[in-house]
Amino acid sequence: MSSSRINSSNDNDMNSNKNEDTTIIHWAIIGLGDVCAIKSGPAFYKSHGSTLSAVMRRSPGAASEWIKNNSPNLPKDVARSIRAFDSVEHMMMMQEEETEMMELDAIYVASPPGAHLENVRQIVAGGLSSSSQSSRRTVRAIYVEKPCGRCAWETRAMVEEVHARNIEFYPAYVSRAHERTQVLRKLLGVDKVCGESVTSIKYTQRGSSLARGLDSDNSNSIPWRLVAKQSGGGLIMDMGCHVLDRIDYLFGPLENVKSTVLRKGVSSASYPLVEDHVAMTATIGECNWSAISSVGATVECVWDFSPNENGSDTSSNVKNSDQKEDVDELIISGPKGSLRMAAMGAGLPIEVLDVNGRLVQTLAFDPPAHAAQPLIQSIVNELLGHDREGVEDDESKTTTNLAQSPARADNAIRTSEVLDAILGSYYGGRHDEFWTRSGTWPGLKIPS
């Protein structure tokens, strides 16, 4: 057995992170929730060739307050020039005004998914004019927090509206750009640790409800991630989408999707109406992007965010005989071996197992300081037309500084379609605004 460590830190010095080239991608953020604090926000001014020029939050004064609270951590040039807005319309109007000293190249939509389509439409309506008579540069890209839409038709609608203006659309499936994922592609496709093909993919996640704000002691407050109008469903929309997208990236599109979807935590009238337990089976279809031959491989996934038998949350720190253990395990198998790892975490190890299940090697990783930075850097590189700036390891042939973003509009649509296929039976279809008709959801009428 051997062990090795991969260094993948992208925490660039914020005072020396800009390219000598004067061309810089100027970003704005719409929505300043918890995803912006560590995961994404700092990456916009720490990535090479990138800066943060504007932030927007609908609550009056909230964007200005965010700048005030974060100024000590911002580079001096960003702190001096960043603008605050209370509406998308106002921000885009300022972008179009010839006399304003603000130019935006790209916009990050970080609001809850329930507002994504509206925000994208307001951006398109308010400032993406491609008129050759204007000397102002137009917005070139929109970067949308996953899972983009609450359902597939919303995701398709925003992609179509953005592409109609010749604007790039990037979904925030950040794990595609992580060093860990790139190493995983090499283990599968180059090193062939599982053999010439992959035949089985199994994933189990149990727990994490408290981590997302579902506190059994605070029954009057249901977090937005568990309100269909805001999220499109239960925690599979927020967490499971990452796993589904990664399977798509590594192996190919998910086909023949079948599922059992339940709401087990029904003991309290204030318990969220969305599902909390999903079991899915599927097969891998043909594609031209998989890391290894995988057509026909079976896929089995379980997401269990339901309470314990005693009604307590699955992720409670208080253990008892009725409490289920937290699990986050992805197993990829082929004719000559398998890989075992947690799916939710850029810095967690990958274990290589032989055909008999014996541990052969453990690969350890240092996670990026900001989970979204490798992907954001790849988007900036693509928009600036830069080649890879990272130093590529001749042996591993991997880098976290990719020349182009590995997250594209097409994979966002595919993942949304798979989520619809999984959850459709619970919500009575997802072809409409299903979040407005909870009284018709079959899932609420099926005894669990």
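Looking only at the stretch 46-56, decide whether some residue is closer than 18 Å to Y170 by Cβ and either modelled with pLDDT under 90 or of a type in the set (V, I, T) (or both).
yes
Report whether or not D394 is out of contact with any Lys or Arg (no Cβ under 9 Å at 6 or more places or on another chain), modelled with pLDDT of 95 or more and surrounded by fewer than 22 Cβ atoms within 10 Å (Cβ to Cβ).
no
List the residue pairs whose Cβ atoms are under 6 Å apart, where the first residue sits in the stretch 322-341 and is hydrophobic (A, V, I, L, M, F, W, C), the second is open to solvent by 60 Å² or more (accessible area, probe 1.4 Å), and the two are 6 or more positions apart or on different chains.
Partner pairs satisfying both residue conditions: V327/R206; I331/K202; I331/R340.
Could you please give the count of residues in the stretch 39-83 that are among the small types (G, A, S) and over 29 Å from N401 (Cα atoms)?
Quick first cut of the stretch 39-83, residues among the small types (G, A, S) only: 40-41, 43, 47, 49-50, 53-54, 59, 61-64, 71, 79, 81.
Okay, now just the ones that are also over 29 Å from N401 (Cα atoms), so 59, 61-64.
Count: 5.
Select from the stretch 89-122 the residues that are of a type outside the set (K, R), farther than 17 Å from I25 by Cα and at pLDDT 90 or above and list them in ascending order.
A110, S111, P112, P113, G114, A115, H116, L117, E118, N119, V120, Q122
Name the single residue, out of those in the stretch 281-310 being part of a strand (DSSP E or B) and acidic (D, E), that is nearest to L235 (Cα to Cα).
D304
Consider only pairs whose beta carbons are under 6 Å apart and that are at least six residues apart or on different chains; among these, list those whose first residue lies in the stretch 418-430 and is surrounded by fewer than 24 Cβ atoms within 10 Å (Cβ to Cβ) and modelled with pLDDT of 95 or more and whose second residue is of a type in the set (V, I, T) and part of a helix (DSSP H, G or I).
Listed pairs, sorted by first residue: G428/T440.
The values are calculated or read from the model by the stated rules, or taken from the named source; none is laboratory data. The shown structure was predicted, so the numbers you read here are calculated from the model rather than taken from an experiment. Neighbour counts run over all protein chains shown; Cβ positions are idealised from the backbone, glycine included. Surface areas here come from the heavy atoms of the whole protein model, side chains and all, with no ligands, DNA or RNA. Shrake-Rupley method; radii C 1.70, N 1.55, O 1.52, S 1.80 Å.
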